1. Among the residues in segment 123-131, are any of a type in the set (Ser, Thr, Tyr) and surrounded by fewer than 19 Cβ atoms within 10 Å (Cβ to Cβ)?
2. Tally the residues that are within 12 Å of the chain's Cα centre (by Cα), over 19 Å from Phe24 (Cα atoms) and not polar (S, T, N, Q), restricting the search to segment 68-96.
3. Do you know which residues across segment 33-64 are touching a Ser or Thr at 6+ places or on another chain (Cβ under 7 Å) and modelled with pLDDT of 90 or more?
4. Scan segment 116-133 residue by residue and report those that are of a type outside the set (A, V, I, L, M) and at pLDDT 90 or above.
5. Report yes if Leu69 is among the hydrophobic types (A, V, I, L, M, F, W, C) and modelled with pLDDT of 90 or more, otherwise no.
6. Just one of (1) in contact (Cβ under 8 Å) with a residue 40 or more places away in the chain; (2) surrounded by fewer than 16 Cβ atoms within 10 Å (Cβ to Cβ) trips up Tyr45, so point out which.
Amino acid sequence: MVLALLVAVIVLDQAAKWWAWRHFSWTRINSGGDALTGRTIGKWYADPVTGAVLDLLDFGLLSFAISVLARGRAPAAVSVPGALMTGGWGSNLLDRLGSHYWTAPGSVRGVVDFIHVGGHYYNVADIFIISCTPLLTKSKTPMGSLVRPR
């Protein structure tokens, strides 16, 4: 179930980015961070060298999170929002690792954002991240129980 949810979020997000790049003039490429990470970390992500190093670190962290979720030890109240949130992070990471060449040909390295809310731009993956993170953090399951052997 976890892997199916991950794949569903990634496919939905990547397809929406592909479509938006071709149909919305306001679509943006986010080559750095956002309001949560701040300008300094955003510059690190935008830089070709430090951005690549951070992407590798992100890949490692996401791989660990996916392996913990996929082991099936967590209740659905944890595994479902965890899989949806991780799928969102994974899809955004795929943009930075090169899928933006397919979703937004001719663009610079970064994440495709097209949902304009206030002064900010988001994408489908961001919606999963923003909506599922509070659900995961409000879970009553202790995080230690997710990685302990049965």
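1. Yes, segment 123-131 contains at least one residue that is of a type in the set (Ser, Thr, Tyr) and surrounded by fewer than 19 Cβ atoms within 10 Å (Cβ to Cβ).
2. 11
3. Leu62, the sole residue that qualifies.
4. Residues satisfying the conditions are His116, Tyr121, Tyr122, Asn123, Asp126, Phe128, Ser131, Cys132.
5. no
6. For Tyr45, the failing item is (2).
The values are calculated or read from the model by the stated rules, or taken from the named source; none is laboratory data. Everything quoted here is computed from the prediction, not taken from an experiment. Because the Cβ atoms are built from the backbone with ideal geometry, glycine has one as well, and the counts that use them run over all protein chains shown.
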